[in-house]
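Q: Shown below is the structure under consideration.
The values are calculated or read from the model by the stated rules, or taken from the named source; none is laboratory data. All figures in this text were calculated on a predicted structure; none of them were measured in a lab. Neighbour counts run over all protein chains shown; Cβ positions are idealised from the backbone, glycine included.
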């Protein structure tokens, strides 16, 4: 919530529009999630996308889905500017 502390004069409605994206990697999967404020001290956490990272040659067909996942992450990151 550092962004909130930097903008102490912002209205509560504006703060509720702030979205924080996160990437979590566990073993052979990557998850893209979003967290936002949905009211007074109520956080809303959503898993947006999850994909499995192929780790051997037999799973090479899964690379396309993994690359699409990374492209979505890049799009979210570029739109945040």
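Q: Taking only region 11-32 into account, find how many residues are touching a helix residue (DSSP H, G or I) at 6+ places or on another chain (Cβ under 7 Å) and not in a loop (DSSP other than H, G, I, E, B). Outline the logic, then answer.
A: Our first condition is that a residue be touching a helix residue (DSSP H, G or I) at 6+ places or on another chain (Cβ under 7 Å); within region 11-32, this holds for 15, 18, 21, 23, 30, 32.
Filter once more, so that each one left must be not in a loop (DSSP other than H, G, I, E, B): 15, 21, 23, 30, 32.
Total meeting the criteria: 5.
Q: Out of all the residues in region 56-81, which are modelled with pLDDT of 80 or more, within 24 Å of residue 35 (Cβ to Cβ) and exposed (fewer than 13 other Cβ atoms within 10 Å of the Cβ)?
A: 68, 71, 74, 75, 78, 79
Q: Take the residues in region 20-29 that are without any contact (Cβ under 8 Å) to a residue 40 or more places away in the chain and closer than 19 Å to residue 79 by Cβ, then tell me which one is farthest from the chain's Cα centre (by Cα). Working first, answer last.
A: Initial filter on region 20-29 (without any contact (Cβ under 8 Å) to a residue 40 or more places away in the chain): 20, 22, 24-29.
In the following step, the residues that additionally are closer than 19 Å to residue 79 by Cβ were identified as 20, 22.
Working: 20: 7, 22: 4 Å.
Here the answer is 20.
Q: Another one. So which of 17, 62, 34, 6 is under 21 Å from residue 79 (Cα atoms) and more than 16 Å from the chain's Cα centre (by Cα)? Walk me through it before giving the result.
A: Working: 17 fails: more than 16 Å from the chain's Cα centre (by Cα); 62 fails: under 21 Å from residue 79 (Cα atoms); 34 fails: more than 16 Å from the chain's Cα centre (by Cα).
One residue alone meets the criteria, 6.
Q: Of all the residues that make up region 52-81, how many are farther than 14 Å from residue 29 by Cα and part of a loop (DSSP other than H, G, I, E, B)?
A: Residues flagged as farther than 14 Å from residue 29 by Cα and part of a loop (DSSP other than H, G, I, E, B) within region 52-81 amount to 2.
Q: Condition check: under 28 Å from residue 5 (Cβ atoms), under 14 Å from the mean Cα position of the chain (by Cα), modelled with pLDDT under 85 and not in a helix (DSSP H, G or I). Does residue 39 satisfy that? Step through it out loud before you land on a result.
A: Details: under 28 Å from residue 5 (Cβ atoms): yes; under 14 Å from the mean Cα position of the chain (by Cα): no; modelled with pLDDT under 85: yes; not in a helix (DSSP H, G or I): yes.
For residue 39, the condition - under 28 Å from residue 5 (Cβ atoms), under 14 Å from the mean Cα position of the chain (by Cα), modelled with pLDDT under 85 and not in a helix (DSSP H, G or I) - is not met.
Q: When only residues in region 42-55 that are surrounded by 14 or more Cβ atoms within 10 Å (Cβ to Cβ) and over 22 Å from residue 80 (Cα atoms) count, which is farthest from the chain's Cα centre (by Cα)?
A: Checking each candidate, the answer is 54.
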